[in-house]
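Input: a single structure, listed below in structure tokens.
Read-outs: derived from the displayed coordinates by stated rules, not from any lab. For clarity, every value in this text was computed on a predicted model and none was experimentally measured. Cβ: placed from backbone, ideal geometry, glycine included. Neighbour counts: every protein chain shown.
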Amino acid sequence: MQRLAQAPNITIAQLWVDMLRQEGIDATMQRYFISSAAGEVPPDQCLPELWVMRDEQLERAKLVLHDLRHIPQRRWLCAGCGEVVEGGFTQCWNCGVADPALSYNEN
């Protein structure tokens, strides 16, 4: 079992653990309840941690986590309603039209 990373909060930590597990990596979150000790314990010691249960999965887990932390962000104009869509969204939040950059050329 090896520590992979600290997460900024429990919500992000659980999201990362879930994504790692979807990739077949046996991961767990530690320090779930220690945030209540903040102030008594240094703040950096109260952050939730991600741990990989099998040492041979650590390198792959690092790559998956890197990809999760660096999701490409874009800005595009919806062809359906003219709304500016920002972030990693692939559909317009307003009308549901797909990002035209992701459409496939069918021959």
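Points worth noting:
- The chain, relative contact order [Cα under 8 Å, separation at least 6], %: 24 percent
- For region 2-69, projected area of the alpha-carbon convex hull averaged over all directions, nm²: 4.2 nm²
- In sequence order, region 72-79 has phi-based couplings of x, 10, 9, 9, 9, 9, 5, 6 Hz under the Karplus curve 6.51 cos²θ - 1.76 cosθ + 1.60, θ = phi - 60°, and Gly or Pro positions carry x.
- For region 46-62, the residues whose backbone nitrogen is under 16 Å from a point 7 Å from the Cα of Q22, taken along Cα to Cβ, are 61.
- Loop chymotrypsin sites (Phe, Trp or Tyr not before Pro), region 1-78, which have at most 14 other Cβ atoms in a 10 Å radius of their Cβ (DSSP): Y32, F33
- Pair V41, C81: separation of 7 Å Cα→Cβ label points (nm): 4.5 nm
- Loop trypsin sites (Lys or Arg not before Pro), region 1-77 (other Cβ atoms within 10 Å of the site Cβ: 14 or fewer; DSSP): R54
- Where labels lie 7 Å past Cα in the beta-carbon direction, separation of M29 and N9 in nm: 1.1 nm
- Alpha-carbon centroid distance for the pair region 1-21 / region 63-79, whole angstrom: 18 Å
- In plain terms, the residue of L58, L77 with the fewest other Cβ atoms within 10 Å comes first and the most crowded comes last, giving L77, L58.
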